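Have a look at the structure below before the remarks.
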Amino acid sequence: MKAVQRERLAPRGDWQAKVERLGMDFHTFGGQPYWCEAACYAFTPAEIDVIEAATDELHALCLEAVERLINGGDLERLAIPETFWHWIAESWRRHDPGLFGRFDLAYDGSAPPKMLEYNADTPTALLEAAVIQWHWLEEVRPGRDQFNLIHERLIDDWKAVKARINPAWRVYFTGVLDEPEDLGTVEYMRDVCEQAGLAGQSLDIAEIGWDGKDFTDLAGRPIRVLFKLYPWEWLLSEDFAPHLLVGRTAFIEAPWKMLLSNKAILPILWEMFPGHPNLLPASFRRSDFSGPCVQKSVHGREGDGVCLLAAGDAGSAAQCIWQALCPLPVFDDQYAIIGSWVVGNKAAGIGIREDPQPITGNSSVFVPHYLS
Amino acid sequence: MDPDRRRSLMVNLSVLGIASAIAIPYLPAGAEFRRNLYRDRESCIRDYSADQCEGPQNSAGSGGGAHGGSWRGPRYYSDRSLPEARSDPGVGRFGLSSGNETSIRGGFGRVGRALRAVG
């Protein structure tokens, strides 16, 4: 019997209006709720302790892996253009800030949590985890607790950024802002930044200018600090990419975070820490797995580029890695995955996504949780 | 902080809720823009209008840059033959500017928009 419990319950009658008031107007996709409060997950405090410890441990392993990659000077296996290797290394050596990230974990409450991947660059489902489920708890499970320190840790994070920069500088927030989910995440980050005492301004990724010396806003002002909800691998492939090497903008997340959001970190971690209880065997060679396994594109996002390979299926060789199959636990016919947040280099909370299919994708629903 | 507490004490928001009001202009990839620079506000207003002129930038923004002391007119496309240039503010009525500054936009965002378009 699984220890983690999935409970069915009646959604609040006006839940759409309630979450919209909190900035979540992307609660429904294709007529189906994305924010799903027809169910919730109950964890024991001991289970949360296990998730928290695993998250802290995995983050520490990841930082160790970055150190080794930087010192080794070879990022070819991560399919990162060599032009940017030194620039990435410099961002690590300067301790450029990485504010947040989200591990995707497989955990059923019994076996140790297993790391499926680390969304260390552009993690989404942030507003849902930090805000929406917190307010859900207040109303639906008053008096109960929840593993969710994300909001106050983010404010602390931005205060730390403020201490490192000219506090009069405006912090810019960018992404593909005509996408409601991206806009919601970007605006939430701007919100916590402003609560930390910094001025923030949003602009679409296409609105960023280059004046020959600096990236600029629409008024031509230099952008000194830029929070981007836009993957590094995309930025590195676009027309302005060469300006990254000479511009003065400080990026959040920092360039070195792209080493961790890359799926190639999975086999690298397994090479460094073979047999670690929170890692799955992973390799740059399909032939290292005799049976079924999971193929992942090194730059894949939100389930894109992930496929389950049967025994004997060779898969594709182009910019992919392979990982041991670790089926997600199933509750009421739903595959559930835990998004475990790291904020300020510490485990900060969780969010649950579930899907009737074994691969979590962009349309997998978000389900709140509480501590039983 | 209560050492047993596992959730934020308060989750208050200040700016959310206005997010959906943001409108994204179409920007051709690699589009070059200009802004005229003026020694004084009056010259700028004569070329454009008071609403379209912006005063000298101060350090409270992100730094003034090379032309921090100038008044600026609105942004317009450098290439006046582009269809998009027909609806921009133009080069100014009387050509009273003391110079201009250029910037290129649309150099980021291509991959994101392409993938979203097919997603």
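Observations
- Checklist (1) open to solvent by 40 Å² or more (accessible area, probe 1.4 Å); (2) within 7 Å of another protein chain (Cβ to nearest Cβ) applied to B:Ser81, failing item: (2)
- Long-range neighbours under 8 Å by Cβ, at least six apart or interchain, first residue within 8 Å of chain B (Cβ to nearest Cβ) within the stretch A:229-249, second outside any loop (DSSP other than H, G, I, E, B) and surrounded by fewer than 19 Cβ atoms within 10 Å (Cβ to Cβ): A:Trp234/B:Val111; A:Leu235/A:Ala241; A:Ser237/B:Val111; A:Glu238/B:Arg110; A:Glu238/B:Val111; A:Asp239/B:Arg110
- Taken over the stretch A:29-55, residues that are over 14 Å from A:Ile352 (Cα atoms), modelled with pLDDT of 95 or more and either β-branched (Val, Ile, Thr) or assigned to a loop (DSSP other than H, G, I, E, B) (or both) amount to 3.
- Looking across the stretch A:266-293, the residues that are of a type in the set (S, T, N, Q) and open to solvent by 30 Å² or more (accessible area, probe 1.4 Å) come down to A:Ser287, A:Ser290.
- The residue list A:Pro274, A:Pro327 contains one member that is assigned to a loop (DSSP other than H, G, I, E, B), out of contact with any Lys or Arg (no Cβ under 9 Å at 6 or more places or on another chain) and either within 30 Å of A:Asn71 (Cβ to Cβ) or of a type in the set (Asp, Glu) (or both), which is A:Pro274.
- Residues of the stretch B:71-112 satisfying the condition of being in a loop (DSSP other than H, G, I, E, B) and more than 17 Å from the chain's Cα centre (by Cα): B:Asp79, B:Arg80, B:Ser81, B:Leu82, B:Gly92, B:Arg93, B:Phe94, B:Gly95, B:Leu96, B:Ser97, B:Ser98
- Any hit, the stretch A:60-81, residues being within 17 Å of A:Pro329 (Cβ to Cβ) and either within 14 Å of chain B (Cβ to nearest Cβ) or outside any helix (DSSP H, G or I) (or both): no
The rows are residues; the columns are (1) in contact with an Asp or Glu (Cβ under 7 Å, 6 or more places away or on another chain); (2) at pLDDT 90 or above; (3) more than 12 Å from every other protein chain (Cβ to nearest Cβ).
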site: B:Asp2; (1), (2), (3): no, no, no
site: B:Ile24; (1), (2), (3): yes, no, no
site: B:Phe33; (1), (2), (3): no, yes, no
site: B:Gly65; (1), (2), (3): no, no, no
site: B:Phe94; (1), (2), (3): yes, yes, yes
site: B:Arg110; (1), (2), (3): yes, yes, no
site: B:Ala117; (1), (2), (3): no, no, no
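- Taken over the stretch A:159-189, the criterion of being farther than 26 Å from A:Ser363 by Cβ, open to solvent by less than 30 Å² (accessible area, probe 1.4 Å) and either in a helix (DSSP H, G or I) or not β-branched (Val, Ile, Thr) (or both) is satisfied by A:Val161, A:Tyr172.
- Between A:Lys257, A:Lys296, A:Lys263, the distinction of being surrounded by 19 or more Cβ atoms within 10 Å (Cβ to Cβ), on the phi < 0 side of the Ramachandran plot, in a loop (DSSP other than H, G, I, E, B) and away from every other protein chain (no Cβ under 14 Å) belongs to A:Lys263 only.
- Failed item in (1) at pLDDT 90 or above; (2) in a loop (DSSP other than H, G, I, E, B); (3) more than 25 Å from A:Ala53 (Cβ to Cβ), with A:Ile321 passing the rest: (2)
- Test set (1) open to solvent by 40 Å² or more (accessible area, probe 1.4 Å); (2) at the interface with chain B (Cβ under 8 Å from one of its Cβ atoms); (3) assigned to a helix (DSSP H, G or I) - A:Asp156 fails condition number: (2)
- Residue tally, condition under 20 Å from the mean Cα position of the chain (by Cα) and assigned to a loop (DSSP other than H, G, I, E, B), over the stretch A:96-140: 12
- Filter result (closer than 25 Å to A:Pro180 by Cβ, of a type outside the set (A, V, I, L, M) and modelled with pLDDT under 95) within the stretch A:210-232: A:Asp217
The values are calculated or read from the model by the stated rules, or taken from the named source; none is laboratory data. Note that the structure is a prediction, hence the values are computed from the model and not measured. Positions of Cβ are backbone-derived with ideal geometry, glycine not excepted, and every protein chain shown enters the neighbour counts. These area figures cover heavy atoms from the full protein model, side chains too; ligands, DNA and RNA do not enter into them. Shrake-Rupley method; radii C 1.70, N 1.55, O 1.52, S 1.80 Å.
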